[in-house]
Amino acid sequence: MPFEVVFGTVLLIRFVLPLTILRWPLPGVVACLVVDGIDQSVFQWFGYDPPFYQGYDKAMDVFYLGVAYIATLRNWVNLSAFSVSRFLFFYRQIGVVAFELTQVRALLMIFPNTFEYFFIAYEAIRARWNTVRFQLKFWVVAAALIWIFIKLPQEYWIHIAQLDFTDTVRDYSWFLPLIVALSLVALVLLWVFVRPRLDPADHRWQITAPPVPAAIDAAGERTAYMARYGRVWSVASLEKTLLIGLLFVIFASVLPTTDLNNLRLFGWVGVFVLLNAAISLWVARRAYSTESVLASFVTRLAVNFGLVVILEIVFGTETSVGDMLFFLFLFSVLITLYDRYRPVYEYRFHAMKADDAGTTTG
């Protein structure tokens, strides 16, 4: 089978699979982890070992983690946990960008991907317990334990020692039995010492994402909220610029035909974020809305394509058509999802503030 077909299939899976995180957070992120762990072995099984694998892998990682972060906007009802996850996510993104610009591998250990396992921990807890009852201290301690005992050793293994799991299993016969034995020991310790100390479960297993608050679960309600509270210049616009801009810098460093100045790329992302915010606000104030995510995405893609054509005519660019269309597609996916679910987070945030104010005055 031609390598292009194999690579294209794996690439498509790694683009589509993260979208399941929005609906099935825990299975979705675990599936992304599994594909991330085996894709190089798949390439090698077909007789290929791409020299660009590390850059491609890092870019696809930050894409699926970006979707996971957007999922926290929609799904996480514990805003203390959300605040911790926000810090962990952007901290890692900054580290990845710094690595891509300097190629200093130690930066990936200094900026470990703690967000990924913190996301898994939260969703594993939510599957059986009500996360609202856990305070900020609990989530900070959980993040610290993941950071120190899981991610630092893993980042050292991957990025400093530069060891590959598949190659190590092949080269050392004792390695896989050791991993299996350690995993069994960990499971026994969890079963004997941790399980009896857990509080009784609050509900049956919940794998699907929690429902959006009833006051903002329909497109018309989200549109009305946007029309009332939305702003072009806002914290949301800044966060979108950071989210998409950092991801684009990483992708630009991977794509072989892209030679864009990072500051210029960030600047264009900021321009498009503000233009999209202005258009979205204009649309919201005219009460246009749709329940379909696909329809929203297609509309957003068409609008952004029109903006690109206009800017190309006025300013001109040196970016290839293929790269431009790729960035346009990626931007439209992320901006559509972010704008759809950011109001859900804001609604919960303001509702929590109102409850705190009511408790204080009461």
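The values are calculated or read from the model by the stated rules, or taken from the named source; none is laboratory data. Small disclaimer: the values here were computed from a predicted structure and weren't measured. Cβ coordinates were reconstructed from backbone atoms using ideal geometry, including for glycine residues, and neighbour counts include every protein chain displayed.
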Original post:
Since LEU12 meets every condition but one in (1) surrounded by 14 or more Cβ atoms within 10 Å (Cβ to Cβ); (2) over 14 Å from the mean Cα position of the chain (by Cα), which condition does it not meet?
Top reply: (1)
Original post:
Out of all the residues in the range 126-155, which are of a type in the set (Val, Ile, Thr) and more than 27 Å from ILE110 (Cα to Cα)?
Top reply: THR131, VAL132
**OP:** Report whether or not ILE158 is crowded, with 17+ Cβ neighbours inside 10 Å and on the phi < 0 side of the Ramachandran plot.
**Re:** yes
**OP:** Keeping to the range 49-91, report how many residues are touching a Gly at 6+ places or on another chain (Cβ under 9 Å) and touching a residue at least 60 places away in the same chain (Cβ under 8 Å).
**Re:** 2
**OP:** State whether one or more residues within the range 64-73 are assigned to a helix (DSSP H, G or I), exposed (fewer than 15 other Cβ atoms within 10 Å of the Cβ) and outside the structural domain of LEU243 (by TED's automatic domain parsing).
**Re:** no
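Yes or no, residue by residue, for (1) surrounded by fewer than 21 Cβ atoms within 10 Å (Cβ to Cβ); (2) in a helix (DSSP H, G or I); (3) acidic (Asp, Glu):
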{"residue": "LYS58", "(1), (2), (3)": "yes, yes, no"}
{"residue": "SER85", "(1), (2), (3)": "no, yes, no"}
{"residue": "LEU101", "(1), (2), (3)": "yes, yes, no"}
{"residue": "GLU116", "(1), (2), (3)": "no, yes, yes"}
{"residue": "VAL140", "(1), (2), (3)": "yes, yes, no"}
{"residue": "PHE149", "(1), (2), (3)": "yes, yes, no"}
Original post:
under 21 Å from LEU247 (Cβ atoms) and either assigned to a helix (DSSP H, G or I) or not β-branched (Val, Ile, Thr) (or both), is that true of SER80?
Top reply: no
Subject >> Number of positions in the range 324-354 that are of a type in the set (S, T, N, Q) and either touching a strand residue (DSSP E or B) at 6+ places or on another chain (Cβ under 8 Å) or over 20 Å from ILE279 (Cα atoms) (or both) >> reply: 0
Original post:
For the range 262-300, which residues satisfy the criterion of being surrounded by fewer than 18 Cβ atoms within 10 Å (Cβ to Cβ) and among the basic types (Lys, Arg)?
Top reply: ARG264, ARG285, ARG286
Original post:
Is one or more of the residues making up the range 107-128 of a type in the set (D, E, K, R), farther than 21 Å from ARG74 by Cβ and in the same structural domain as PRO27 (by TED's automatic domain parsing)?
Top reply: no
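Picking from LEU247, LEU242, LEU238, which residue would you name as being in contact with a Phe, Trp or Tyr (Cβ under 8 Å, 6 or more places away or on another chain), surrounded by fewer than 19 Cβ atoms within 10 Å (Cβ to Cβ) and at pLDDT 85 or above? Give the steps one after another, and end with the answer.
Details: LEU247 fails: surrounded by fewer than 19 Cβ atoms within 10 Å (Cβ to Cβ); LEU238 fails: in contact with a Phe, Trp or Tyr (Cβ under 8 Å, 6 or more places away or on another chain).
Testing whether each residue is in contact with a Phe, Trp or Tyr (Cβ under 8 Å, 6 or more places away or on another chain), surrounded by fewer than 19 Cβ atoms within 10 Å (Cβ to Cβ) and at pLDDT 85 or above leaves just LEU242.
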